[in-house]
1. Answer yes or no: is there a residue in the range 265-278 that is closer than 23 Å to ASP164 by Cβ, touching a residue at least 24 places away in the same chain (Cβ under 8 Å) and touching a helix residue (DSSP H, G or I) at 6+ places or on another chain (Cβ under 6 Å).
2. Consider only pairs whose beta carbons are under 6 Å apart and that are at least six residues apart or on different chains; among these, list those whose first residue lies in the range 179-206 and is within 17 Å of GLY253 (Cα to Cα) and whose second residue is of a type in the set (Lys, Arg) and buried (at least 24 other Cβ atoms within 10 Å of the Cβ).
3. Name every residue in the range 5-22 that is part of a loop (DSSP other than H, G, I, E, B) and either in contact with a His (Cβ under 7 Å, 6 or more places away or on another chain) or within 15 Å of LEU464 (Cβ to Cβ) (or both), in order of residue number.
4. Of the conditions (1) surrounded by 24 or more Cβ atoms within 10 Å (Cβ to Cβ); (2) among the basic types (Lys, Arg); (3) free of Cβ contacts under 8 Å to residues at least 40 places away in the same chain, ARG247 satisfies every one except a single condition; which number is it?
5. List every residue pair whose Cβ atoms sit under 8 Å apart, with the two residues 6 or more apart in sequence or on different chains, where the first one lies in the range 84-103 and is within 17 Å of TYR8 (Cα to Cα) and the second, anywhere, is in a loop (DSSP other than H, G, I, E, B) and among the small types (Gly, Ala, Ser).
6. For THR214, only one of the following conditions fails: (1) touching a Lys or Arg at 6+ places or on another chain (Cβ under 6 Å); (2) assigned to a loop (DSSP other than H, G, I, E, B). What is its number?
7. Identify, from the list ASP265, ASP179, ASP164, the residue that is modelled with pLDDT under 95 and not assigned by TED's automatic domain parsing to the domain that holds ASN26.
8. Go through the range 54-105 and tell me which helices (runs of 4 or more DSSP H), entirely inside it, have 1 or more residues that are surrounded by fewer than 16 Cβ atoms within 10 Å (Cβ to Cβ) and touching a strand residue (DSSP E or B) at 6+ places or on another chain (Cβ under 9 Å).
Amino acid sequence: MKKVGKGYTFELHGWRYVHIEGSAYNRGRDYGELCADFIKKELDTLRYFCYQNTGRKWEFFIEASNKYFLPVTKKKYKEQYEEMRGIADGCKKGGFKTTVHEIVAWNNSICLMEYWYPNIYLVDPAKESISSKSPRRNKSVRTAGGGRTGVMGKCSAFIAVGKDMTKNGKIVLAHNTFDNFISAQGGRIILSVKPDKGYNILMQTYPGWIWSGTDFFLTSAGMMGSETTIGGFLPYKNGNPCSARIRKGMQYGKDFAFYEKCLLDGNTGGYANSWIFGDTNKNEIYRIELGLKYHNSESTTNGYFIGFNGSYDPRIRNLECKNQGFYDIRRHQGARRVRLTQLMEEYKGKIDTAIGKRILADHYDVYEKRINPCSRTVDSHYELDNRAYMSQADRPKPFQPRGAMDGMVVDSEMTKKMSFWGIWGCSSGMPFDPKAFCKAHPEWIQQLPYLDARPSQPWTSFSLDQKTSSVSTTTPNAYSKRRPSSLSRSRPITSKRTRKLRSQQRSSSRSATRRRGGHRRRYR
């Protein structure tokens, strides 16, 4: 265990646990010094990733943040700014030279690169600088109409409550992050925050972030929260950074109304999400589908909400998104919408944290109607998917190093005790070996120096201000080997084309099968 000031950190089962407390600047300074090495690693990877994906250097985005994000953060979210200023100073003490400007940009990198950049930048190509003119759409990235692709969908989630849904009628929340491995592998921080003002927070996050971003958190107000991105989302306008808005909600919100107010205040369309919240005091769950012009809020004390990167609100789905995949079970949105609904109905009245872990480990493919870990399953595996059914050329590529990175589960009782379950790596326990993967798929060899290995890890419980690395664990569900439920059993697709594809896949799989740690891996 490493200690700095009132903060400390330790490694456990793939996670790095970090505890900080005190005033905004002081807790930020401890955070920065404790995680200086990890923040440096993440920013080095980000420099590579953003240049390869956009053709722009990271400094371009820092400059953009200085113009569009930094001023409003300093003016309207002073406490959050002070915490980030402390992080920058702490990094320097920890041996990594950075600035508050870079830390603010890092906290807003999702919005900068995935929402702001495709919509409203002007650039001087010779100087790589932001124009002082009024912003307008960047038609070179997303042209009006056919050229605009929309934001990639990420993550799966559900929240359930009531006698008809959960084992004891209380709230159960579960979430996994799936994204490109190279950009999401840093999300293994468990951050425990005891601020001098507001509520205590326990969350999953990235090193140096003041908000979750994955998102998964709970607070001492008895609130829990998570989200899944709205895939295919297009519009954006300047306003208040999402990172600051949700952190304010987390630290000071005692009910859903406050969270909703924070999220709508200066909404930019950046990080457009289906947010789900649970209030253990009222035993009630909430969902807000937050677009830009449109949003929709609903709640229940006996039911569930699922997150699958689609939006139920037809205004958001049709007027603010493009080709979302809501009805397309070849796509991950449509397939997981169907599968998560099936699982909610199958486990109706039985859902607890153990069932939550099992649901996150699910490998049933509703399109092929068989156990088939791939891009369409809840425990997502693009790295195993030949993408034979790609419906758009601009979506993730065959065998792309992308998919589920983690699993998080909590219920009402754990929330009141400020604790939750987490697993680093796939909820099914399936490991990822970057060397073996890149050998089987050399088209991704360029990423090898930046890809982290993820061996199979146990589910681990974490709590606020946890002083020991000796905690409760459970083994992951080897769900890929489990027969589909009776609800999902049906005859496989038997078209001539499908049989031919399966024959080719089986032949390819046999020639490239690998066994590690008792888990069968197939690189096709």
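The values are calculated or read from the model by the stated rules, or taken from the named source; none is laboratory data. Quick caveat: nothing in here was measured; it's all calculated off a predicted structure. Reconstructed Cβ throughout: ideal geometry from the backbone, glycine too, with neighbour counts over all protein chains shown.
1. yes
2. none
3. LYS6
4. Of everything listed in (1) surrounded by 24 or more Cβ atoms within 10 Å (Cβ to Cβ); (2) among the basic types (Lys, Arg); (3) free of Cβ contacts under 8 Å to residues at least 40 places away in the same chain, ARG247 misses just condition (3).
5. From residues that are within 17 Å of TYR8 (Cα to Cα), the pairs are ILE87/GLY208; CYS91/GLY208.
6. Among (1) touching a Lys or Arg at 6+ places or on another chain (Cβ under 6 Å); (2) assigned to a loop (DSSP other than H, G, I, E, B), THR214 violates only (1).
7. Working: ASP265 fails: modelled with pLDDT under 95; ASP164 fails: modelled with pLDDT under 95.
ASP179 is the lone residue from the list that is modelled with pLDDT under 95 and not assigned by TED's automatic domain parsing to the domain that holds ASN26.
8. Hits in the range 54-105: 58-68, 78-93.
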